[in-house]
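Written out below as structure tokens is the structure these notes cover.
The values are calculated or read from the model by the stated rules, or taken from the named source; none is laboratory data. Computed from a predicted model, the values in this text were never measured in an experiment. A quick note on method: Cβ atoms are made from the backbone with ideal geometry, for glycine too, and the neighbour counts reach across all protein chains shown. Surface accessibility is based on the protein's heavy atoms, side chains included, excluding ligands, DNA and RNA. Shrake-Rupley method; radii C 1.70, N 1.55, O 1.52, S 1.80 Å.
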Amino acid sequence: IKAQIDQEIASINDLEDVKKIRVSYLGKKGPITEALREVKNLPVEDRPKVGAYANKMKAALADQLTVKEEELAAAAMQAQLAVEAIDVTLPAEEIQLGRPHVLNQVMEDIEDLFIAMGYEVVEGPEIESDYYNFERMNLPKDHPARDMQDTFYINPDVLLRTHTSPVQARTMDQHDFSSGPLKMISPGKVYRRDDDDATHSHQFHQIEGLVVDKDIKLSDLKGTLELFAKQMFGEDREIRLRPSYFPFTEPSVEIDISCFKCGGQGCNICKGTGWIEILGGGMVHPNVLEMSGIDSQVYSGFAFGLGPDRVAMLKYGIDDIRHFYQNDLRFLEQFTEKG
Ligand code: PHE
């Protein structure tokens, strides 16, 4: 039996074999168990010897099987480790880091300039009432100038704001002049039913500016925007004011910034005139002040609406506004300033 057992143990391949051998030799019907059972039928003097031998064999076999079992388990573990091995010397995959969108960068730069001049940043809703978007901006329901701003209406009273100017009225409603003058900017998205082309997008951005205090004059607006232009684009920039019309400012102006530094590609954004219009503005119309309960005999203000899309185009020589909104990484990855 012993020789047979040795042979079988040597031929064990897996844990299943171990189990089989254990059952066949050590089980209730196995030869060793059988032999032990027969011991009682032997002559008394032989019993201890045979019994001890059989027990020894049983214990030895159990030990051998345990050893074999451990070997197999260890081998299985090694095989598993080999399969799951990670080669730490392989080059890592490059991680793609995001970066602020060029438009957000430019808007933040503009905000920083005005914050440094003591302005507060205020936000307003993109879904706006007709009341704030138009009526409070001195555009009653049948006013012809409503056509200037092709509007996305949600219902007759609610719309996607066509400009950030309604934030003027919202802020003036809240302001307490005993705490000082009102100086705010309001950045955000605006919407117009325009056909998209190189210079138009149905959704674009504005930064509204508003200052109300005693003795605010048009020259304050000009000085403020001149400072802005020079800080944003360089000391050699100039601005020019052209008379214009907005129902909520009187007088109204359009403000251009000089393009002469813009060489090479992208220069066509100035269309050969040397100037690009970047904002509208003027003195806040007395009606607009009065509708917020501000005495227009005592207070006056200037307001402006700035186009950060245009500012970014001018700053980086980008000749198509649609680039900002198409999420083409080849375009976006060129602006890594703060990335
Ligand atoms: N809201 C005007 C526009 O969208 C711009 C503007 C703002 C003009 C403030 C005057 C004063 O065109």
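Say we look at the stretch 214-246 and pick out the residues that are closer than 12 Å to Ala303 by Cα, not β-branched (Val, Ile, Thr) and not in a helix (DSSP H, G or I); which of these is nearest to the ligand (Cβ to nearest atom)?
My answer is Phe246.
What's the number of the only condition in (1) under 20 Å from His285 (Cβ atoms); (2) open to solvent by 100 Å² or more (accessible area, probe 1.4 Å); (3) assigned to a helix (DSSP H, G or I) that Val83 fails to meet?
It fails just one condition, (1).
Tell me yes or no: at least one residue of the stretch 308-317 is touching a residue at least 40 places away in the same chain (Cβ under 8 Å) and part of a loop (DSSP other than H, G, I, E, B).
Yes, there is a match, as at least one residue in the stretch 308-317 is touching a residue at least 40 places away in the same chain (Cβ under 8 Å) and part of a loop (DSSP other than H, G, I, E, B).
Restricting to the stretch 86-119, count the residues that are surrounded by 13 or more Cβ atoms within 10 Å (Cβ to Cβ) and not in a helix (DSSP H, G or I).
5
Each row is one residue, and each column tells you yes or no for (1) open to solvent by less than 80 Å² (accessible area, probe 1.4 Å); (2) farther than 30 Å from Leu332 by Cβ; (3) at pLDDT 85 or above.
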residue: Leu26; (1), (2), (3): yes, yes, no
residue: Lys49; (1), (2), (3): no, yes, yes
residue: Ala75; (1), (2), (3): yes, yes, yes
residue: Gln78; (1), (2), (3): no, yes, yes
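Look at the stretch 127-136 and say how many of its residues are open to solvent by less than 70 Å² (accessible area, probe 1.4 Å) and either more than 22 Å from Gly282 (Cα to Cα) or in contact with an Asp or Glu (Cβ under 6 Å, 6 or more places away or on another chain) (or both).
3
Filter the stretch 152-171 down to the residues that are away from the ligand (no atom under 12 Å from the Cβ), among the charged types (D, E, K, R) and more than 21 Å from Glu290 (Cα to Cα) and list them by number.
Across the stretch 152-171, the qualifying residue is only Asp157.
Among the residues of the stretch 281-302, which ones are out of contact with any Ser or Thr (no Cβ under 7 Å at 6 or more places or on another chain), away from the ligand (no atom under 14 Å from the Cβ) and open to solvent by 50 Å² or more (accessible area, probe 1.4 Å)?
Across the stretch 281-302, the qualifying residues are Met291, Gly293, Asp295, Gln297, Val298.
When you scan the stretch 137-151, how many residues do you find that are loosely packed, with under 14 Cβ neighbours inside 10 Å and either outside any helix (DSSP H, G or I) or more than 14 Å from the ligand (Cβ to nearest atom) (or both)?
Selection size over the stretch 137-151: 5.
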